[in-house]
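Everything on this sheet refers to the single structure shown next.
The values are calculated or read from the model by the stated rules, or taken from the named source; none is laboratory data. Here the structure is a predicted model, which is why all the values come from computation and not from measurement. Note that we place each Cβ from the backbone using ideal geometry, even for glycine, and neighbour counts take in every protein chain shown. Only protein heavy atoms, including side chains, enter the accessible area calculation; ligands, DNA and RNA are left aside. Shrake-Rupley method; radii C 1.70, N 1.55, O 1.52, S 1.80 Å.
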Amino acid sequence: MQPYLIGVSGGSASGKTSFLKTLSARFHGGELCIISQDNYYRSPDLHLRDDKGFINFDLPECIDVSAFLEDLQKLRSGMPIKRHEYLYQLEGQEAELIEIQPAPVVVVEGLFLFHFRQIFEQLDLKIFIDAKEEIKLRRRLQRDTVERGIDWNHVMYQWENHVRPSYEKYLLPYKGEADMVINNNDHFSNSLQVVSDHIKTKLHP
């Protein structure tokens, strides 16, 4: 029996990671696994650079879609996968090798899931997480300056020149194709409960 595939997309700093961590904690090991698009970034030397020479991490071309699809197919076939965890903007550092075991419910997460139609067409449930732009920007500034040590000015440059244009071109057009839109301005408690209950009906029909 093929696993049930859930796709979770949404803008940068919309809360995808927090949502999925909380969701995953509600299930026992073996019931649900998560595969993240972030771990399929190509080598930095293959990324496109903007007019000022900065790498634009917010383009679909940054992702090794073939490898992403291959690993997704392995999970769907009941095979475990191994992948080095991607260290955002810390290329060259030793990354942890993570192993993902197959499960009855597979959650696929990433910015460009809906844009990559080969992945989109496999999804049984499509969830789009969003928030107001000023809230996403505030979260991004907090995360990147504090957790990732990126200069405030560079975070703002990326937001204006990479993140926002990418959202408008590669994410927003597909928002209307989602089965469920979660507006995560304050919290996602109610939506989390709905998704959890839905997954339980798939695990225990």
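Structure values in brief
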item: In the stretch 33-60, residue nearest to residue 75 (Cα to Cα) [restricted to those that are assigned to a helix (DSSP H, G or I), open to solvent by 20 Å² or more (accessible area, probe 1.4 Å) and touching a residue at least 24 places away in the same chain (Cβ under 8 Å)]; result: 39
item: Neighbours by Cβ (under 7 Å, 6+ apart or cross-chain): first from the stretch 101-127, on the phi > 0 side of the Ramachandran plot; second open to solvent by 30 Å² or more (accessible area, probe 1.4 Å); result: 110/38
item: Residue list for the stretch 123-147, restricted to those being assigned to a helix (DSSP H, G or I), open to solvent by less than 20 Å² (accessible area, probe 1.4 Å) and touching a helix residue (DSSP H, G or I) at 6+ places or on another chain (Cβ under 6 Å); result: 144
item: Single match in 120, 19, 27 (criterion: more than 14 Å from the chain's Cα centre (by Cα), open to solvent by less than 50 Å² (accessible area, probe 1.4 Å) and at pLDDT 95 or above); result: 27
item: Among (1) within 16 Å of the chain's Cα centre (by Cα); (2) assigned to a helix (DSSP H, G or I) - the single one residue 161 does not satisfy; result: (1)
item: Failed condition for residue 30, given (1) of a type outside the set (Asp, Glu); (2) in contact (Cβ under 8 Å) with a residue 60 or more places away in the chain; (3) at negative phi; result: (3)
item: Options 92, 78: the member that is surrounded by fewer than 19 Cβ atoms within 10 Å (Cβ to Cβ), at pLDDT 95 or above, on the phi > 0 side of the Ramachandran plot and not polar (S, T, N, Q); result: 78
